[in-house]
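The values are calculated or read from the model by the stated rules, or taken from the named source; none is laboratory data. All values derive from a computational prediction rather than experimental measurement. Glycine gets a Cβ as well: all are built from the backbone with ideal geometry, and neighbour counts include every protein chain shown. The area values use the complete protein model at the heavy-atom level, side chains included, leaving out ligands, DNA and RNA. Shrake-Rupley method; radii C 1.70, N 1.55, O 1.52, S 1.80 Å.
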Amino acid sequence: MNIDPRTLADYQALLERRVEAPDEEQLIQAAETGRRLVLASVPLEDALRVHRTAVSCLTASRPGLLLSVAGPACSGLLLELVRAYLEAMRHQLDDAVRANTLLEEERACRRKAEKELEEKVRELDRTNHELEQFSYSASHDLQAPLRQISAFVELFRKKYSGKLDERADEFLHFIVEGADRLQTLVRDLLKFSRAGRAELVCQEFDLAEAVQEVLAGLKVDVEAASGLVETAPDLPRISGSRSLLSQVLQNLIENGLKFRREVPPVVRVSCSRTEDSWVISVTDNGIGIEPEYFERVFEPFQRLHPAGRFPGSGMGLTLCRKIVERHGGRIWVESTLGQGSVFRFSLPLPARAMPSQRDGR
Ligand code: ADP
């Protein structure tokens, strides 16, 4: 049944005034209102709201008064409501205590997990550092004996090739080839370790100029492949380690020329801009890559073709990824088998340059 909200408001107001200045007349009125509330079967929610004030009346200076003047019906109602209210409070309190205990347990678990994670990260850093140190020392120290082997095998081949039997010549060929491949592997491994160890000295430089410099070094390769390397006209100035990023460009352009089809290779270097980074793309019209290898090609020593078909160590793209990630960017490939590939890498814009450079384009 609906009850006039003013009745509830009156009742509440009377009780509240009672706390401030007890007045017997008003309390009798309150009792009357209370009786009417009983008769009107006030919904528990509303009655509770009113009687929260009644509870404070009961615990105030003259707790007996309200009950004595309210008459049996009203005092019964009050007591019931107070009891219900206290019961609800107890449940709420129990729930809160339970929730609090759970929260505490969860917090303790999270703290423990965070500590374990920190420890694992430290351990990983240590192991990484040791591995880097190891690969650097190993590749560095292996170079001298390898050079010696290569040089002497080459001398041996020159002196004795054709003078021994046919099998010996064949064996010599394999030894020279193996030594060459080993040298390439060790050289690329050393390049990789150096790229990870070298201090990252960043500067702003002209991307077009850097590409031209790389192309000057690749002139022979471009000619040998009867290829063409194009650069977009609007290459911007970018920030980063010029020498390391040039290595990335060189590797990607070299790959574009190397993994060619029957047609002359055409490689294009371009650059676009997103909200927060430059994205540099090296596009080729080569053999392409199947989607299932898009991630794998960036792993160390991963090669998709036999060494006889395309030379290489399988470290080139790993080196590119290392350098790009050290700059805070990422590298990926998009490709269609038999049509060509686009290798893209992003370089975050220096924070202060973001708005003006964006507006400038
Ligand atoms: P490498 O060139 O020394 O073999 P990379 O790490 O540069 O090593 O490349 C890994 C592999 O990814 C290559 O062996 C090749 O199979 C594939 N790959 C790289 N670039 C291209 C490309 N532009 N087109 C097709 N395949 C490529």
- Can you tell me how much longer the chain between Lys159 and Glu213 gets when fully stretched, taken as 0.36 nm per residue apart minus their C-alpha distance, in nm with one decimal? 15.5 nm
- For region 307-324, what does the Karplus curve 6.51 cos²θ - 1.76 cosθ + 1.60, with θ = phi - 60°, yield as ³J(HN,Hα) per residue in whole Hz, taken in order and with x for Gly and Pro? 4, x, 7, 10, x, x, 9, x, 9, x, 6, 5, 5, 4, 4, 4, 5, 5
- How do 334-345, 312-323 rank on mean C-beta neighbours within 10 Å, highest first? 312-323, 334-345
- Projected convex hull area of region 166-268, Cα atoms, direction-averaged, in nm², equals 8.7 nm²
- Task: Tally up the carbon and sulfur contribution to the accessible surface of region 254-361 as a whole percent, 1.4 Å probe, everything protein left in place.
- Result: 50 percent
- Message: How charged is the neighbourhood of Lys120? Take every other residue with its Cβ under 11 Å from the Cβ of Lys120, and add Lys/Arg as +1 and Asp/Glu as -1.
- Response: -3
- Taking only protein heavy atoms into account and a 1.4 Å probe, give the accessible area per residue of region 287-339 in Å². 53 Å²
- Counting only protein heavy atoms and rolling a 1.4 Å probe, one gets per residue an accessible area for region 128-194 in Å² of 73 Å²
- Query: In terms of the ratio Rg/(2.2 N^0.38 Å) built on C-alpha atoms, what value belongs to region 200-348?
  - Reply: 0.98
- If you take the beta carbon distance between Val279 and Ala113 as r and set R0 to 51 Å, what does 1/(1 + (r/R0)^6) give as a FRET efficiency, to the nearest 0.05? 0.90
- Can you give me the three principal axis dimensions of region 128-194 from its C-alpha atoms, in Å, biggest first? 50, 16, 14
- How much length is gained on full extension from Leu200 to Glu166, taking 0.36 nm per residue of separation minus their Cα-Cα distance? 7.0 nm
